[in-house]
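Worksheet for the structure shown next.
The values are calculated or read from the model by the stated rules, or taken from the named source; none is laboratory data. All values derive from a computational prediction rather than experimental measurement. Here the Cβ positions follow ideal geometry from the backbone for every residue, glycine too, while neighbour counts run over all protein chains shown.
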Amino acid sequence: MAAWGGFEALLPSMRACEPVTSAATLELAAALKREVPARTAAQVAAILGAHAGPGAPVPSARTLQRHFARLELNTRPDGLPPKAFGRFEAAAANDRWTGDALHGPVVAGRKTFLFAFVDDHSRALVGYRWGHSEDTVRLEAALRAGLASRGIPKVVYLDNGSAMVSSQLLRALAVLGIKLTHSKPGQPAGRGKIERLFRTVREQFLVELAAPGALGAVSDLARLNELFAAWVETVYHQRVHSETGHKPLERFLAAGPPTLPAPHLLREAFLWSHTRRVTKTATLSLHGNTYEVDAALVGRQVEVVFDPFDLTTLHVRYQGRAMGTAVPHRIGRHVHPDARPDLAPPPAAPTGIDYLGLVATQHHARLAARINYTDLPTDPDTGQVPAPDPAEQPRTTHPPAPAQGQVPEQIPGQLDLTDLIDQGHDTPDAAGRPR
């Protein structure tokens, strides 16, 4: 029996091969990478080729990439090591709300958007609303519903969209004492929970809207919001969350029901405001409307607070003090231009009057009143139409038939001018005046 080498003979042999690229070239490549960490392996290979001259052997980019990996030189373009993101979770309910917008299906011929806020601790969907616009009005509607039913959070975390950086939203959060933070552009750290929630909405709610016959039941925006609210409260809030191990609504209410804001404070928070200067005539203007204010405010800069859906009532404030209500002088716009409603006004009810049909009926009635000699009775003896009495013969004269190739002067079915004269439209009366 042949001798064998034991267990060591079963181990794979270590590959020992000399690199084809010289050590000096590899050291130079590493020095070039350390000099400018943003240089790629392909860029370093190009620099080596230019330095060595034409015809000199140059390592490939893949060779340099493996060499940089062995030396741990493959870092970020700024030369810093990769940044680590820890897992964050708020310690209690209403410590932090994260909000964002989701693009939804087309309903009633218009695209829809979902504004939603998720509680970071419980993953409960605290505020939500579908709308036809991705603007501040729809964002505030979702936030206001959440505040009225789930309480006031300490922090609201949003991205940098135009609706989420508006001055009106900043005023609402300031009135309620809520801190607003924004994610850094290009660094969506901390937004994973709302993105995971939107994924659930797509996979469990929107997918059912795409089923055959489902969109027929969603005829308008109100129906979409009704179905979504039913899914959130009946399905999403009652399922155990895979991350927390608890039902979202159950974990949100574990410490007791939240304290809700007072109705007057909530209304004050979502009023809009603008700054205007009072003219010498004790008036101010807002989006084309003119209002009269107290004469003591002439020349001063005041704050006007109003409901964006009702520009007829403006409350004037100066240095934080209430200065009464502005008196409307000229109102041309009743709604703020940025407060576009979701629902279009209903179409006007049809009257059922066909004007062109009535005109056509009158036209055919006039044509039927003309004398047609071919329909007159014939003489039974001679078989010919008897000659009309000259005294009763109408004065209507018709132009002769056009010769071949000649265009007729009158459109078929069109009344001749002499017909109108015959019917007495232009004949003078006894006093010489046109009838």
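Brief remarks on what is shown
- Residue match in the stretch 311-322 (condition: over 30 Å from residue 147 (Cα atoms), touching a Lys or Arg at 6+ places or on another chain (Cβ under 8 Å) and surrounded by 11 or more Cβ atoms within 10 Å (Cβ to Cβ)): no
- Unique residue being aliphatic (A, V, I, L, M) and either at pLDDT 85 or above or surrounded by 11 or more Cβ atoms within 10 Å (Cβ to Cβ) (or both) when the list is 42, 9: 42
- So residue 251, is it surrounded by fewer than 12 Cβ atoms within 10 Å (Cβ to Cβ) and of a type in the set (Lys, Arg): no
- Residues that are assigned to a loop (DSSP other than H, G, I, E, B), among the charged types (D, E, K, R) and without any contact (Cβ under 8 Å) to a residue 60 or more places away in the chain within the stretch 209-250 comprise 239, 247, listed in sequence order.
- The set of residues from the stretch 201-238 being of a type in the set (S, T, N, Q) and surrounded by fewer than 16 Cβ atoms within 10 Å (Cβ to Cβ) comprises 204, 219, 234, 238.
- Residue identified as over 17 Å from residue 331 (Cα atoms), among the basic types (Lys, Arg), under 30 Å from the mean Cα position of the chain (by Cα) and surrounded by fewer than 18 Cβ atoms within 10 Å (Cβ to Cβ) among 300, 267: 267
- Number of residues in the stretch 171-194 that are assigned to a helix (DSSP H, G or I) and exposed (fewer than 13 other Cβ atoms within 10 Å of the Cβ) equals 1.
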